[in-house]
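Visitor: Sharing a structure, written as structure tokens. Questions coming.
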Amino acid sequence: MISLFIDTSLSDVSIALVKEGKLLSNIKNTSPKEHSIYTTKFIEDILKENNLEPSDVNEIVVVNGPGSFTGIRIGVTIAKMYAYLLKINIKEITSLKIRVLGFTGDYFLSTIDAKHGNYYIGLYNKEYNTITEEFNNIDRIDELKEKYNPVLVTETDDYDIEEIIKYAKNLPSINPVYLKLPEAMEKNDKRSS
């Protein structure tokens with residue numbers, strides 16, 4: 001089983017390949033506002049680096065936010081197109097939850113700075129079940145810290161891609177549903193007939 005991981009939710013573009021639970025390779029580059037330039041290029045590069053074809057990928061795990069509105073749209077759209085073309089499943093996971101996977105403790109509090117004194121906040125129990133994911137301020141973070149005494153994880157903490165893929169195995173697959181193909185794809189289908 002080969003999993004392609006795509007994260008474009010913040011300023012980094014992170015693309016990884018995991019085979020049978022082991023990280024093959026990871027390309028990560030800070031590229032604010034340039035996700036559209038690097039995401040597909042990094043997918044091509046990582047496949048080539050591992051002597052793989054797109055058809056060798058069995059599933060895609062994509063980070064679906066919160067974070068950069070444009071970055072998320074780029075990553076999710078690319079994941080959906082790859083999944084559609086390759087006829088494989090997509091699994092979505094939040095940028096808050098990916099940061100806590102692999103940590104040990106009773107509760108985990110994941111925060112991402114949303115600017116202007118606001119934060120994206122995710123609170124999870126020891127099984128990584130979501131207690132809350134919300135947009136709020138520092139007072140709410142302090143309240144959750146006092147109530148749960150969680151392990152605190154921020155957007156500057158690295159995440160463990162192997163743990164993300166392992167966790168994603170239990171997530172439901174999300175397949176794109178197209179009642180009507182986009183016009184450009186209909187034209188391609190007609191040409192190949």
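The values are calculated or read from the model by the stated rules, or taken from the named source; none is laboratory data. This is a predicted model, so every value here is computed, not measured. Glycine gets a Cβ as well: all are built from the backbone with ideal geometry, and neighbour counts include every protein chain shown. To get the accessible areas, we keep the full protein, side chains included, count just its heavy atoms, and leave off ligands, DNA and RNA. Shrake-Rupley method; radii C 1.70, N 1.55, O 1.52, S 1.80 Å.
Table: residues versus (1) within 23 Å of LYS41 (Cα to Cα); (2) of a type in the set (Gly, Ala, Ser); (3) open to solvent by 60 Å² or more (accessible area, probe 1.4 Å).
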residue	(1), (2), (3)
ILE72	yes, no, no
THR104	no, no, yes
LEU109	no, no, no
ASP113	no, no, yes
PHE135	no, no, yes
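Visitor: Being in contact (Cβ under 8 Å) with a residue 60 or more places away in the chain and either open to solvent by 50 Å² or more (accessible area, probe 1.4 Å) or farther than 16 Å from SER9 by Cβ (or both) is the requirement here; does LYS80 meet it?
Guide: Numbers: in contact (Cβ under 8 Å) with a residue 60 or more places away in the chain: yes; either open to solvent by 50 Å² or more (accessible area, probe 1.4 Å) or farther than 16 Å from SER9 by Cβ (or both): yes.
So LYS80 fits the description; yes.
Visitor: So, one more: Scan segment 15-38 for residues that are within 22 Å of SER173 (Cα to Cα), within 15 Å of the chain's Cα centre (by Cα) and either free of Cβ contacts under 8 Å to residues at least 60 places away in the same chain or open to solvent by 10 Å² or more (accessible area, probe 1.4 Å) (or both) and jot them down. Before the answer, list the steps.
Guide: Of all residues in segment 15-38, those within 22 Å of SER173 (Cα to Cα) come to 15-23.
Imposing the further condition that a residue be within 15 Å of the chain's Cα centre (by Cα) reduces the set to 15-18.
The answer is ILE15, LEU17.
Visitor: Sticking with this structure for a sec: Can you tell me which residue in segment 154-186 is nearest to TYR128 (Cα to Cα), limited to those that are at pLDDT 90 or above and assigned to a helix (DSSP H, G or I)?
Guide: TYR167
Visitor: Every residue in segment 29-49 that is touching a helix residue (DSSP H, G or I) at 6+ places or on another chain (Cβ under 7 Å) and in a helix (DSSP H, G or I), please. If you could, list the steps in order and put the result at the bottom.
Guide: Residues of segment 29-49 touching a helix residue (DSSP H, G or I) at 6+ places or on another chain (Cβ under 7 Å): 29, 31, 35-36, 39-40, 47.
Matches in segment 29-49: HIS35, SER36, THR39, THR40, LEU47.
Visitor: Here is a follow-up. Kindly indicate which of ILE93, ILE112, ILE98, ILE131 is on the phi < 0 side of the Ramachandran plot and in contact with a Lys or Arg (Cβ under 9 Å, 6 or more places away or on another chain). Break it down into steps so the answer makes sense when it comes.
Guide: Working: ILE93 fails: in contact with a Lys or Arg (Cβ under 9 Å, 6 or more places away or on another chain); ILE98 fails: in contact with a Lys or Arg (Cβ under 9 Å, 6 or more places away or on another chain); ILE131 fails: in contact with a Lys or Arg (Cβ under 9 Å, 6 or more places away or on another chain).
Only one candidate passes the filter, namely ILE112.
Visitor: Considering (1) modelled with pLDDT of 95 or more; (2) touching a Leu at 6+ places or on another chain (Cβ under 8 Å); (3) of a type outside the set (A, V, I, L, M, F, W, C), say which one ASP189 fails and leave the rest.
Guide: Going through (1) modelled with pLDDT of 95 or more; (2) touching a Leu at 6+ places or on another chain (Cβ under 8 Å); (3) of a type outside the set (A, V, I, L, M, F, W, C) one by one, ASP189 breaks only (1).
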